[in-house]
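One structure coming up, written as structure tokens, with questions to follow.
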Amino acid sequence: MDIELTINGERTIVEAGSGDDLATVLRQHGYIGVKCGCDGGTCGASKVFVDGEVRMACGMAPADANGSEILTVAALGTQDDLHPVQQAFVDNFAVQCGFCIPGMVMQAVALLDSNPDPTEREVRKALDDNVCRCTGYQKPVEAVLDAAERMQGEQSVAADGGQPVGTPREEGDAAGCCGGGCDE
């Protein structure tokens, strides 16, 4: 069956087999950022935006997306110009094996679109249906909170707590350099 979709801004017609889900169809057409971790729409790795709503493509019938606009993680940014959420995941070491990360990033973008200043609890709840076996979730949560600050323009220091060049330190502020033990 032919399905008409707009994928990452490009209108296309894709062929879907009778047993295919949307994630399979997208991957067959080169959108490999859409991961399939469960084949049932429960792990969160296959999240994409369908007409502006984050959805799990795994387990979604392609016919249900006919005529829809689909955005995958690849639409968010490029290798040279990452979306603030993608950059925060990198800077906060929230990417381990990377398998679940596209789904987490898409969920984080959806969260920050609706709630630009979430609490840690709200971030944890938003990421709750994203299964990750590597990170323990702390680093992704930190990354989303960092991305929220970046997107609001509040962060001017490195994610690791570093100071911008030329920022004066107070005398005796050992924490301003390496955390103590020096005379600076």
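Every number in this text was worked out from the coordinates using simple rules, so none of it is lab data. Note that the coordinates shown come from a computational prediction; the quantities given were computed from them, not determined experimentally. All Cβ positions, even for glycine, are placed from backbone atoms using ideal geometry, and neighbour counts span all protein chains on display.
Cut-off is 10 Å between beta-carbons; in what order do Leu22, Leu111 appear when sorted fewest neighbours first? Don't jump to the answer; show the numbers that get you there.
Numbers: Leu22 29, Leu111 21.
Exposure proxy ranking, most exposed first: Leu111, Leu22.
Let me ask something additional. How large is ³J(HN,Hα), in whole Hz, for each residue of segment 4-14 in order, when computed from phi with the Karplus curve 6.51 cos²θ - 1.76 cosθ + 1.60 and θ = phi - 60°, using x for Gly and Pro?
Using θ = phi - 60°, the values come out as 9, 9, 10, 10, 6, x, 10, 6, 8, 10, 10 Hz.
Ranked by Cβ crowding within 10 angstrom, fewest neighbours first, how are Phe93, Phe99, Phe49 ordered? Walk me through the intermediate numbers first.
Working: Phe93 14, Phe99 17, Phe49 21.
In order of increasing Cβ crowding within 10 Å: Phe93, Phe99, Phe49.
How far is the Cα center of segment 121-150 from the Cα center of segment 59-119, in Å?
Using only Cα atoms to place each centre, the spacing works out to 12 Å.
Amide H to amide H, which residues 5 or more places from Ile7 or on other chains are under 5 Å from it, using H placed in the peptide plane?
Under 5 Å from the amide H of Ile7 lie the amide H atoms of Thr12, Ile70, each far enough along the sequence or on another chain.
Could you pull out the trypsin sites (Lys or Arg not before Pro) across segment 39-133 that fall in loop regions by DSSP (anything but H, G, I, E, B) with no more than 13 other Cβ atoms inside 10 Å? Before the final figure, lay out the partial values.
Numbers: sites: Lys47, Arg55, Arg121, Arg124, Lys125, Arg133; in loops: Arg133.
In loop regions of segment 39-133 (DSSP not H, G, I, E or B), the sparsely surrounded trypsin sites (Lys or Arg not before Pro) are Arg133.
So how do Glu142, Glu149, Glu15, Glu10 line up by other beta-carbon neighbours within 10 Å, fewest first? If you can, show how the numbers build up before the last one.
Values: Glu142 19, Glu149 16, Glu15 12, Glu10 9.
Going from sparsest to densest Cβ surroundings: Glu10, Glu15, Glu149, Glu142.
Residue by residue through segment 89-96, which ³J(HN,Hα) values in whole Hz follow from phi under the Karplus form 6.51 cos²θ - 1.76 cosθ + 1.60 (θ = phi - 60°), with glycine and proline marked x?
Running phi through 6.51 cos²θ - 1.76 cosθ + 1.60 with θ = phi - 60° gives 4, 5, 5, 9, 6, 8, 9, 9 Hz.
Turning to a different aspect of this structure: Relative contact order for segment 84-151 using alpha-carbon pairs under 8 Å, separation at least 6, rounded to a whole percent? Write down the numbers at each step before the final one.
Values: 68 pairs, mean separation 36.4, N = 68.
Here the relative contact order equals 54 percent.
If you wrap a convex hull around the alpha carbons of segment 84-151, what volume per residue comes out, as a whole number of Å³? If you can, show how the numbers build up before the last one.
Working: hull volume 4.6 nm³, N = 68.
Dividing the Cα hull volume of segment 84-151 by its residues yields 67 Å³.
What residues qualify as long-range amide H neighbours of Ala57, i.e. H under 5 Å apart, gap of 5 or more or another chain, H built at 1.01 Å from N?
Ser46, Lys47, Val48
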